[in-house]
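Here's the structure, in structure tokens; my notes come after.
The values are calculated or read from the model by the stated rules, or taken from the named source; none is laboratory data. Computed from a predicted model, the values in this text were never measured in an experiment. Because the Cβ atoms are built from the backbone with ideal geometry, glycine has one as well, and the counts that use them run over all protein chains shown.
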């Protein structure tokens, strides 16, 4: 019983995340493991289309787009116990990349909601992204075919919703917009 209590109280960090023995996907939030489920087909289709549109816009530009699994170490300098794997991220500062992860806040994060992660994405991860200074955060809902953009302004997110009939501006990438009709096409 005492061993179980010790294991439950154990806090994990980036070293553990890198050196684990298996390929199980998880995120660390304040040293606690959160398992990641296998994404659904709709999730993967939307992710592929978003990645394609961002990739085409960013070709030849300094900012780069990455998709999960790719770790984001939000507190790499102060404890390294929060490693998130957003579905998609954009990084404009190459100094934040170490070949395995992004160290610090990406410029933009996209989270595609699923029943198993929606609550965590909209609460715990939302706060972590805001506190770390992620300038733009999108929540994509494949069921309602909507995207909510959260734009950081004076330390708080301002939100705006878009649906599958719209073209959505990307605040952190001047001149970039995403065609949501194509994103949600089946």
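Points to keep in mind about this one:
Yes or no, residue by residue, for (1) within 21 Å of residue 122 (Cα to Cα); (2) touching a strand residue (DSSP E or B) at 6+ places or on another chain (Cβ under 7 Å):
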| position | (1), (2) |
| --- | --- |
| 145 | yes, yes |
| 154 | yes, no |
| 166 | no, no |
| 171 | yes, yes |
| 178 | no, yes |
| 182 | no, no |
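- Per-region count, the range 34-57, residues within 18 Å of the chain's Cα centre (by Cα) and either touching a residue at least 60 places away in the same chain (Cβ under 8 Å) or buried (at least 16 other Cβ atoms within 10 Å of the Cβ) (or both): 15
- Of the residues making up the range 130-153, those that are assigned to a strand (DSSP E or B), in contact (Cβ under 8 Å) with a residue 24 or more places away in the chain and within 21 Å of residue 91 (Cβ to Cβ) are 136, 137, 138, 139, 140, 147, 150.
- Test: residue in the range 161-175 that is on the phi > 0 side of the Ramachandran plot and either in contact with a helix residue (DSSP H, G or I) (Cβ under 9 Å, 6 or more places away or on another chain) or assigned to a helix (DSSP H, G or I) (or both): yes
- Cβ-Cβ distances below 6 Å connect the following pairs, each with a first residue in the range 113-127 that is within 15 Å of residue 36 (Cα to Cα), a second residue that is surrounded by fewer than 15 Cβ atoms within 10 Å (Cβ to Cβ) and at pLDDT below 90, and a separation of six or more residues or different chains: 116/37.
- Scan of the range 29-66 for residues that are at pLDDT 95 or above and closer than 30 Å to residue 10 by Cβ, ordered by number: 66
- Pairs with Cβ under 7 Å, 6+ apart, first in the range 154-183 and exposed (fewer than 15 other Cβ atoms within 10 Å of the Cβ), second part of a loop (DSSP other than H, G, I, E, B): 163/145; 177/170; 181/164; 181/165
- Checked against (1) buried (at least 16 other Cβ atoms within 10 Å of the Cβ); (2) more than 17 Å from residue 159 (Cβ to Cβ); (3) over 10 Å from the mean Cα position of the chain (by Cα), residue 113 passes all but condition (2).
- Among the conditions (1) crowded, with 19+ Cβ neighbours inside 10 Å; (2) at pLDDT 95 or above; (3) under 29 Å from residue 15 (Cβ atoms), residue 139 misses just one, which is (3).
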